[in-house]
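**Q** Sharing a structure, written as structure tokens. Questions coming.
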Amino acid sequence: MMKRHSIVTLPGDGIGKIVLNEALRVLDSAGFRADYHHGDIGWEFWCREGNPLPDRTIELLKKHRTALFGAITSKPNDEAKAELDISLRDKGFVYSSPIVGLRQKFNLDICVRPCRSYKGNPLNFIRRGRGNTIEEPLVDVVIFRQNTECLYSGVEWTAPPEQVYKAFMTHPKFSENYGQVPIDELSISTRIFTRKATERIIRAAFDYAEKNGYKSVTVCEKPNVIRETSGLMWKLTKEIQKKSYPGILLFNTNIDAQMMWLTKNPEDYGVIVAGNMFGDIASDAFAGLIGGLGFACSAQYSEDGVAVFEPTHGSAPKYSGFSPSIVNPVAMIESACMMLDYLNEKDLSSRIRKAIAAVIKEGRVCTYDMMKMTGRQDVVEKGAASTTMMTDAIIAKLKNS
């Protein structure tokens, strides 16, 4: 008998609620055995309680350790405050992203974002080859993004306190270039890398490459300009590769150059490792080569065994009220497959991925994005598959596998 698992479900906002339900349907059809525990997270809990990540949800994840997450809505501070329940206003509540809060609370420092193209996907990247031929290179890139540090650490100020200002003034470049700027005209964000977290993401990238047959690891940062933080990652990667992974090739690309090269020779890249901001940029860029965020899945892991799996798209509120729903559920279903891999249910994840691949290759069931249509309520009438229809097609392939 298959082990019965315990999973926290975090639907969140907008289409997150929709696609998570579709992923659960696929898991059930594949024979996955689990007890699901609903967790409250997202905008409605900010508005009602002043906290988009309630303590009860944190306790659920502490207990059960593994979560499937949909998507959340975030808004600027002024809009967030304006939507608070009237009884909570002017009481010091400050909105912060609950998914960032989860990452920091549980130290979900390893983020993995695979970008693999499906044969037959009409959205796959193509290019011109010699003799005016059309080439469709196979993209199989896995981005390892350090998930808790860098510019996402939240250490920033507008009109910084005097002690912070004085500390920055000790740096000659700050005092020379900004020493005459009034404090109330300054906004400062810090980019923080620690040796421990940087080494951990580097080793995770090399371990994955070694276990899964990838020939290279590429560091995607900007060490020629951001010398201390990007420089630390490149220095440590060279040391780790030389000592522990000499059989894996090591490359170094600047983030700006990478954005050019990924559309010239994406098939040359295997595993990419980067800090939080540049990893986010690189993963979205590579996702564009495989069909966009409707196909982009991700996983986040902590050192002590907490794991959260989610699509990288947002809550897309403009689509959340459509009936029937039109959004592509594949990214969420693929995220569920990553969860199955993590739980050592690889036979199930393989079957689901083969079912997705069969539907896409066959080409009879395509969501509006795959048909290159503008996302409107009437796309189903014009031949696009609804969210449910795409899931149904995947389930049908599963049952025949």
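**Q** Need one number: the % of Cα-Cα pairs in the stretch 162-262 sitting beyond the 23 Å mark.
**A** 44 percent
**Q** Let me know the charge dipole size of the chain about its Cα centre in debye, to the nearest 20, where only the beta-carbon of Lys, Arg (+1) and Asp, Glu (-1) is charged.
**A** 1300 debye
**Q** Which percent, to the nearest 5, of DSSP beta bridges fully inside the chain are antiparallel?
**A** Working: 21 of 47 bridges.
Taking every DSSP beta bridge within the chain, about 45 percent pair in antiparallel fashion.
**Q** Also, I was wondering about something else. Mind listing the long-range amide H neighbours of H37? Cut-off is under 5 Å, sequence gap 5 or more, other chains count too, H placed in the peptide plane at 1.01 Å from N.
**A** I7, V8, T9
**Q** Please build a GNM for the chain, connecting alpha carbons under 10 Å apart, and tell me which residue among Q180, Q104, Q146 fluctuates the most.
**A** So, out of Q180, Q104, Q146, the one fluctuating most is Q180.
**Q** While we're on this one: Given a cut-off of 28 Å, name the pairs among K119/K211; K62/K397; K196/K354; K215/K399; K215/K243 whose C-alpha atoms lie farther apart than that in the structure shown.
**A** Pairs exceeding the cut-off: K62/K397; K196/K354; K215/K399.
**Q** Out of A355, A80, A331, any idea which swings most in a Gaussian network model of the chain, alpha carbons joined below 10 Å?
**A** Evaluated over the chain, the most mobile residue of the options is A80.
**Q** Calculate log10 I(q)/I(0) of the stretch 262-401 for q = 0.11, 0.14, 0.21 Å⁻¹, where I(q) comes from the Debye formula with a single equal point scatterer on each Cα and nothing for solvent.
**A** -0.47, -0.76, -1.40
**Q** Can you tally the net charge around K215? Count Lys and Arg as +1, Asp and Glu as -1, for every other residue whose Cβ sits under 14 Å from the Cβ of K215. Don't skip to the end; give the middle numbers.
**A** Working: positive: K211; negative: D140, E210, E267, D268.
Local net charge: -3.
**Q** With loop defined by DSSP as not H, G, I, E or B, and exposure as at most 13 other Cβ atoms within 10 Å, which is the longest segment of the chain clear of exposed trypsin sites (Lys or Arg not before Pro)? Spell out each step's value before the answer.
**A** On the way: sites that count: K3, R4, R33, R89, K91, K119, K215, R227, K264, R364, K372, K382.
Value returned for the longest uninterrupted segment is 265-363.
**Q** In the Gaussian network model of the chain, springs joining C-alpha atoms below 10 Å, which of A167, A34, A296 carries the largest mean-square fluctuation?
**A** Maximum fluctuation in the GNM of the chain, among the listed residues, is at A167.
**Q** Could I ask something else about it? Return, for the Cα atoms of the stretch 1-154, the radius of gyration and Dmax in Å, separated by a comma.
**A** Rg and Dmax of the stretch 1-154, Cα atoms, are 20.0, 69 Å.
**Q** How many angstrom lie between the C-alpha centres of the stretch 248-293 and the stretch 325-401?
**A** 25 Å
**Q** In addition: So for the pair N344, R227, with labels modelled 7 Å out along Cα→Cβ, what separation do we get in nm?
**A** In this crude label model, N344 to R227 measures out at 4.9 nm.
**Q** Taking GluC sites (Glu not before Pro) as exposed when DSSP calls them loop (any state but H, G, I, E, B) and at most 14 other Cβ atoms lie within 10 Å, what is the longest stretch of the chain free of them, the sites themselves excluded? Numbers along the way, then the final one.
**A** Working: sites that count: E83, E228, E303, E381.
Here the longest segment lacking exposed loop sites spans 84-227.
**Q** To continue, here is another question. If you average over every viewing direction, what projected area does the convex hull of the Cα atoms of the chain give, in nm²?
**A** Spelled out: convex hull of the Cα atoms, projected over all directions, averaged, 23.6 nm².
**Q** Something else now. Helix-derived [θ] at 222 nm for the chain: sum -39500 (n - 2.57) over DSSP H runs of at least 4, divide by residue count, nearest 500? Intermediate values should be presented prior to the final figure.
**A** Working: 15 runs with 164 residues, N = 401.
It comes out at -12500 deg cm²/dmol, rounded to the nearest 500.
Here, each number is a calculation from the coordinates, and none is a lab measurement. Everything numeric in this text was worked out from a predicted model, so none of it was measured. Quick reminder, even Gly has a Cβ in these numbers, built from the backbone with ideal geometry, and neighbours come from all protein chains shown.
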